[in-house]
Amino acid sequence: FPLALQVKNKAPAEVQITAEQLLREAKERELELLPPPPQQKITDVEELNDYKLRKRKTFEDNIRKNRTVISNWIKYAQWEESLKEIQRARSIYERALDVDYRNVTLWLKYAEMEMKNRQVNHARNIWDRAITTLPRVNQFWYKYTYMEEMLGNVAGSRQVFERWMEWQPEEQAWHSYINFELRYKEVDRARSIYERYILFTVLVLVHPDVKNWIKYARFEEKHSYFAHARKVYERAVEFFGEEHMDEHLYVAFAKFEENQKEFERVRVIYKYALDRIPKQDAQNLFKNYTIFEKKFGDRRGIEDIIVSKRRFQYEEEVKANPHNYDAWFDYLRLVESDADAEAVREVYERAIANVPPIQEKRHWKRYIYLWINYALYEELEAKASKRTRQVYQACLELLPHKKFTFAKMWLLYAQFEIRQKNLPLARRALGTSIGKCPKNKLFKGYIELELQLREFDRCRKLYEKFLEFAPENCTSWIKFAELETILGDIDRARAIYELAIGQPRLDMPEVLWKSYIDFEIEQEEYEKTRNLYRRLLQRTQHVKVWISFAQFELSAGGEERLPRCRQIYEEANKAMRSCEEKEERVMLLESWRSFEDEFGTDATRERIDKLMPEKIKKRRKLQAEDGSDAGWEEYYDYIFPEDTANQPNLKLLAMAKLWKKQQQESEAAAMDPDKDIDESQT
């Protein structure tokens, strides 16, 4: 290349232009530069013929290029039509139909051209050809029937409709035929068309629609054929049956009867539908039933519909979660308030069928009350003792007694048998419960039953079995001993107490010892009571035992009661010196001081005051769970004079406190010399 043509700067330009932009700008400029077509004025026939020739040549060229583009044919025919060349336009349409006879637009434009030019027979011919060729195109039928009706040819329009119905068209076609007959007051013909359509839906359609029956019934109602309308509704209900029930049909039926003032019929229809339609599909039915009862019903009817709504809600809840026992309780409470016995039993059976899937007692605690409520309902409401016994027995067979049981169920069954005056069965049930799954509650309930029956020998045997089962139960020992005391057998009661305190393991030994001591006090066996206290003090040195012992000696009476009581306090104080719980020792001394304040002398009171401790505040270091330092804590401690004499460190602490006090007094005197002069003069 020459040097002048060489590009020296090969860097990219700042503004980049794409090929797309170049093409778009070229197209826009082409449109801008295109001159407008000239206005052509035709002045004579030759110019007109020349113009027609050129236009026809253009149209023919376009058709020759692409025969399948129907829009070219339609434009060609419409241009010929605009020149009033109807014959040429027909020829073009016929040529186009040879190319694509399935094109709906082509048929419509062809027929519209003939109708526009008032060529009625030609239009009929085209419509006949169209519906024969494409019978499933509903638009042809609608246009054909409309043309015949506009021409006043009612019989011809009816004939077209009949031809159309032979093809079993969609729903709207039937209704168009019915409306056509109604426009000419042909009610009987319209009824026959409805009958044919209903028969068609029954025989042909797999899932016929309810609205067609409703429209038929409303047609009869509109024309005051009420008996026919009712019959249509009844046929619809019978046809759909209980498998395909639809709430809209029953709502329409009920509103029809409401318009006829047949209120009892309306209630029957609503209740029939509500009992059979699934609850989730009956919302509209509930709503309309409620409105009807508010308008025409009494209070009882309104309550019935409210109960039905609540029943639907509970049904949904228990269907969503069958083990939601609280929902079952609410549902059963509702059913019991407003239902017959069979319906209540059915709901109870459905509820108790939902056994907890896991055999753990915590999952059965709510479930067991379904059985209890069922049994109580059968006994108290239904008055069916035989069914009540069956309910109890079925429940007891269901429970996994090897893993857990419910004592209340056994006891309720036994109490039921007693109410039925069947004592052997009650005893057998309780005996079986103790044999299968012994529990404290079962023993107590059985013993209480025999006590009420005054069967004391049986009570003794039951107590023996009870104590063999649970020897650590102090309450059982006490109750057994109290029974013997009531029966006057003191030696047996004392022997029971002795056996009880000799057990190696007890759940509440303090209660047992207290009961034994109170028993001996009631029998006025003071020496035995003192021995019991001594035996108890050998086992425990608790301060309450010492205080109780001292109070017993004080209340025992006699001349030696005060010295004995004081001696007990002395022994307790000596025994408590080694006790780490200083609060208990303080409690003992306070009890002793209150005793001396009431019965002692000045010397004994002064001695007690010397024994009372000094209360001081101390600090101790705290540690967290992880062993880190958690700060300091203040607490109160007691320093007893008897302990101070034995600990030299405490003596040193007392001397230090005394020295500090003297130092403070001397500093105060140095601060006030006048006071010292006055004191010296004095």
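Quick notes on this one:
- Restricting the first member to the stretch 315-336 and to residues that are of a type in the set (S, T, Y), and the second to residues that are open to solvent by 80 Å² or more (accessible area, probe 1.4 Å), the beta-carbon pairs closer than 6 Å and six or more apart or on different chains are Y325/R366.
- Number of the exception - E553 against (1) acidic (D, E); (2) open to solvent by 40 Å² or more (accessible area, probe 1.4 Å); (3) under 30 Å from R494 (Cα atoms): (2)
- Per this entry, E148 is counted among residues that are in contact with a Ser or Thr (Cβ under 7 Å, 6 or more places away or on another chain), assigned to a helix (DSSP H, G or I) and either hydroxyl-bearing (S, T, Y) or without any contact (Cβ under 8 Å) to a residue 40 or more places away in the chain (or both).
- Every residue from the stretch 392-439 that is within 37 Å of the chain's Cα centre (by Cα) and among the aliphatic types (A, V, I, L, M): A394, L396, L398, L399, A407, M409, L411, L412, A414
- Set side by side, the residues R460, R427 differ, and just one is at pLDDT below 85, surrounded by 15 or more Cβ atoms within 10 Å (Cβ to Cβ) and of a type in the set (K, R), which is R460.
- Restricting the stretch 368-385 to residues that are among the hydroxyl-bearing types (S, T, Y) and surrounded by fewer than 18 Cβ atoms within 10 Å (Cβ to Cβ), the residue that is nearest to D340 (Cα to Cα): S385
- Some residue of the stretch 73-87 being surrounded by fewer than 10 Cβ atoms within 10 Å (Cβ to Cβ) and small (G, A, S): yes
- Scanning the stretch 349-367 for residues that are open to solvent by less than 60 Å² (accessible area, probe 1.4 Å) and either of a type in the set (D, E, K, R) or within 14 Å of T405 (Cβ to Cβ) (or both) returns W364, Y367.
- When each of R585, R577, R564, R530 is tested for being open to solvent by less than 90 Å² (accessible area, probe 1.4 Å), on the phi < 0 side of the Ramachandran plot and in contact (Cβ under 8 Å) with a residue 24 or more places away in the chain, the lone residue that passes is R585.
- Hits in the stretch 472-488 - residues which are in a loop (DSSP other than H, G, I, E, B) and either touching a residue at least 60 places away in the same chain (Cβ under 8 Å) or crowded, with 16+ Cβ neighbours inside 10 Å (or both): N473
- Test: E598 is closer than 25 Å to E634 by Cα, open to solvent by 20 Å² or more (accessible area, probe 1.4 Å) and at pLDDT 75 or above: no
- Qualifying residues in the stretch 244-266 (those that are under 31 Å from the mean Cα position of the chain (by Cα) and surrounded by fewer than 16 Cβ atoms within 10 Å (Cβ to Cβ)) - the one nearest to I214 (Cα to Cα): H248
- Test: residue in the stretch 269-277 that is small (G, A, S), surrounded by 13 or more Cβ atoms within 10 Å (Cβ to Cβ) and at pLDDT 80 or above: yes
- Selection of the stretch 278-295 for residues being over 20 Å from E242 (Cα atoms), surrounded by 16 or more Cβ atoms within 10 Å (Cβ to Cβ) and not hydroxyl-bearing (S, T, Y) yields N288, F292, E293.
- Test: residue in the stretch 644-651 that is under 30 Å from I547 (Cβ atoms) and either of a type in the set (S, T, Y) or at pLDDT 75 or above (or both): yes
- On inspection, T682 does not qualify as modelled with pLDDT of 70 or more, hydroxyl-bearing (S, T, Y) and more than 60 Å from the chain's Cα centre (by Cα).
- Test result for W213, within 30 Å of Y101 (Cβ to Cβ), hydrophobic (A, V, I, L, M, F, W, C), assigned to a helix (DSSP H, G or I) and open to solvent by less than 30 Å² (accessible area, probe 1.4 Å): no
The values are calculated or read from the model by the stated rules, or taken from the named source; none is laboratory data. Source: prediction; values computed, not measured. Heads up, the Cβs are rebuilt from the backbone with ideal geometry, glycines too, and the neighbour counts pull from every protein chain shown. The protein model used for the area step is the full one, side chains on, heavy atoms only, and it has no ligands, DNA or RNA in it. Shrake-Rupley method; radii C 1.70, N 1.55, O 1.52, S 1.80 Å.
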